[in-house]
Amino acid sequence: MWQSFKLALRRGIEILLGIRSTERDPDAPMPLATRVTLNRSYFRKWLVLGALIGIVAGVGAIIFASAINLCTHFLMELGAGYRQPQPAGEGVTAVFPITRLWAIPIITTLGGLLTGIIVFCFAPEAEGHGTDAAIEAFHEKGGYIRPRVPLVKTIASAITIGSGGSAGREGPTAQIAAGFGSALADLLHLDDHDRRIAMLAGIGAGIGSIFKAPFGGALISAEVLYTHDIEAEALFPSFIAAVIGYSIYGAWAGWTPVFGTGDHYSFNRPITLIAFAILGIAAGLVGLLYPRVLYFLRDRFKALPIPNYFKPAIGGLAVGLIGLEFPQALSMGYGWVQFGIDNNFTHISALVMAALIFVKILTTSLTIGSGGSGGVFGPGMVIGGFLGAAVWATLHHLTPGLVGYPGSFVVVGMGAFFGGVAKAPLAVILMVAEMTNEYSLIVPAMLATMIALLITGNRSIYEKQVPTRLDSPAHKDDYALPLLQQLRVADAMRPIVATVTPETPLSSLGGMLDTYHFMSLPVVKNGHLCGIVTANDLTRATQRRVGQVPQTAAEIMSRRVAVVTPDETLYDAWLAMTRHGFKHLPVVRASHSDEVIGEVTLAAIGRALRLPDLLGDALPASEDEHHIDQGEQAETQDNHKTPPQPIASHPSL
């Protein structure tokens, strides 16, 4: 029944998009990851898919936020008697007495143990801060995230944060929503390229929803992949998904920004840029420390000779013991930053905030480094806010006329610190502005963030980032495009190696497939292509009941075959083969689409470009052009079984 539902859903979406997933649309674009074809087909496709991803991401953000609230209530509030202050947009910003301080280490240890058992028993990739796992899925795994990961990440992260672990919502939300995007791509049978884009749209929608920052959320999904680049093709789908996700989440959580309505500050004294530049320097220097401590402790925990599921409990115990002295360093900590934004140092002084810079780095590194599940973005903003307050207090003591309100330094510090260390300055500046409603502080935030970015250099909180698209395995084939478009199939084709006739008996097919190490053979009669027969066809035929077993190739062959002509480009042939898992295609005359004159292979395309490692696992060409490339022996079993559409056309999904 579930399979029928998935099929019906997929067909409904395909009809809505005006395409068929098994056929090629002549008007569809020829997409590569660095090449956006802005035509009607592209916008129509991602308008619909982006909206679907946004719906799921918005609902997922509601479920995740509810899970955090539930775990926080039962574990930290009822268990330890500790009710943290909340940011203005999410609750009451007030300090409450801790009635069972002694219970905090017990709760954090228990939360770590539960997280470790859940994560390492069901989805080990859900450990840590999540964003790196999503980045790795984009670069290394074709955008694929196991369907169980969103569920495991939701539960584990809610327990980690709810039990007092120092972690944020961004990483889990990114991995959860990315998993939804990946699952939708699998449901619709999208290729790796579109699955990656769908995954990024999920990240943008998830982060934009739960932080009530749709613009910054959409932008960070394209910016967080690289240290010096941006995935421009993800912007349109991410904007659509973020708008829908934010609208759904806002309807449930309210429309007030996370840190309140803001609009307290204005930038009208250029001389204060000197002070904000000093803040940028401080953010850069502390930004060098944050990833160093995080990954140092991560490596130390990995080296411990104990089962992995015990390690988050050890990290939780250490965090709980620190929390006895600094309870402000537990959980997300947004409420404590809210005091700084509101210029309220009654409940937490600037001196304590200065100490909490390093305490929060330590508790976050212990939580995430030990294998706990949570994000580094939220703690990063809290650390940046504390840093801004500390810099303001220092400058106010030394040069009172140079600084204004402390809240402005808290806001700018949030963006400068994490924008520099995450290598996503544009997105973080916008997100902080959306979360605080302090758009007038974008100017000093730009200066401080760029200085922090310069000082942190190549050191990033996200290990899986790569410098540019050129360095990403997801784009490894893009740079052959000019050559592929200049060369023709005729430049790489060869005489066809092996064929069978419709009358060839099945008893001979198996021997031919074994002899040539192929998984499929074209069926040709008098030079005309009749169909294709595969090893799977032969296997299924021999498994039929006695008396029903076919006798010839004609009885089991598929009559719908993908072909190319000599005048088509190697890009056309390569795109078809790589997107469908083919290793070779028959070449037919342009004037007679069933007259076979040769074949073209991935290995031959690689040799034509002199780039064998780029396009296939090809061996160097032998002296005999009829030699069968070993790289083609492992071709897909259902090779060539696709509707007989021109290969020069390209799928819109």
Please find, among Ile306, Ile348, the residue that is surrounded by 17 or more Cβ atoms within 10 Å (Cβ to Cβ), among the β-branched types (Val, Ile, Thr) and either at pLDDT below 95 or touching a His at 6+ places or on another chain (Cβ under 7 Å) (or both).
Ile348
Residue, surrounded by the fewest Cβ atoms within 10 Å (Cβ to Cβ), within segment 499-514, restricted to residues that are more than 43 Å from the chain's Cα centre (by Cα) and among the hydrophobic types (A, V, I, L, M, F, W, C)
Met512
Residues to consider are Leu441, Leu453, Leu426; find the one that is more than 27 Å from His396 (Cα to Cα) and in contact (Cβ under 8 Å) with a residue 24 or more places away in the chain.
Leu426
Regarding segment 524-532, can at least one residue be identified that is of a type in the set (A, V, I, L, M) and either over 30 Å from Arg589 (Cβ atoms) or open to solvent by 90 Å² or more (accessible area, probe 1.4 Å) (or both)?
no
Of the numbered conditions (1) in contact with a Ser or Thr (Cβ under 9 Å, 6 or more places away or on another chain); (2) in a loop (DSSP other than H, G, I, E, B), Pro270 satisfies every one except a single condition; which is it?
(1)
Just the residues that are within 19 Å of Gly254 (Cβ to Cβ) and among the hydroxyl-bearing types (Ser, Thr, Tyr), please, taken from segment 82-120.
Thr93
Lys311: of a type in the set (D, E, K, R) and surrounded by 16 or more Cβ atoms within 10 Å (Cβ to Cβ), yes or no?
yes
Can you work out which of the residues in segment 153-208 that are among the hydrophobic types (A, V, I, L, M, F, W, C) and surrounded by fewer than 24 Cβ atoms within 10 Å (Cβ to Cβ) is farthest from the chain's Cα centre (by Cα)?
Ile155
Hits in segment 448-503 (condition: over 25 Å from Tyr571 (Cα atoms), touching a strand residue (DSSP E or B) at 6+ places or on another chain (Cβ under 8 Å) and β-branched (Val, Ile, Thr)):
Val466, Thr499, Val500, Thr501
Checking Thr261 against (1) farther than 23 Å from Ala126 by Cβ; (2) crowded, with 24+ Cβ neighbours inside 10 Å; (3) not aromatic (Phe, Trp, Tyr), which single condition isn't satisfied?
(2)
What residue, among those in segment 440-483 that are of a type in the set (Lys, Arg) and at pLDDT 90 or above, is farthest from the chain's Cα centre (by Cα)?
Arg459
Residues being of a type in the set (A, V, I, L, M) and surrounded by 24 or more Cβ atoms within 10 Å (Cβ to Cβ): count how many of those fall in segment 393-428.
11
Report whether or not Phe377 is open to solvent by less than 10 Å² (accessible area, probe 1.4 Å), at pLDDT below 90 and of a type in the set (A, V, I, L, M, F, W, C).
yes
Pairs only if they're at least six apart or on different chains, beta carbon under 6 angstrom, first in segment 92-114 and in contact (Cβ under 8 Å) with a residue 12 or more places away in the chain, second part of a helix (DSSP H, G or I) and open to solvent by 70 Å² or more (accessible area, probe 1.4 Å); list them, first residue then second.
Pro105/Leu317; Pro105/Leu321; Thr109/Leu317
Could you grab me the full set of residues in segment 396-415 that are in contact with a Phe, Trp or Tyr (Cβ under 8 Å, 6 or more places away or on another chain) and either of a type outside the set (A, V, I, L, M) or assigned to a helix (DSSP H, G or I) (or both)?
Gly404, Tyr405, Pro406, Gly407, Ser408, Phe409, Val410, Val411, Val412, Gly413
Hits in segment 60-101 (condition: among the β-branched types (Val, Ile, Thr) and either assigned to a loop (DSSP other than H, G, I, E, B) or touching a Phe, Trp or Tyr at 6+ places or on another chain (Cβ under 7 Å) (or both))
Ile62, Val92, Thr93, Val95, Ile98, Thr99
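The values are calculated or read from the model by the stated rules, or taken from the named source; none is laboratory data. Remember, predicted model here, so these are calculated numbers, not experimental data. Positions of Cβ are generated from backbone atoms using ideal geometry, with glycine treated the same way; all protein chains shown enter the neighbour counts. Heavy atoms of the whole protein, side chains included, go into the accessibility calculation; ligands, DNA and RNA do not. Shrake-Rupley method; radii C 1.70, N 1.55, O 1.52, S 1.80 Å.
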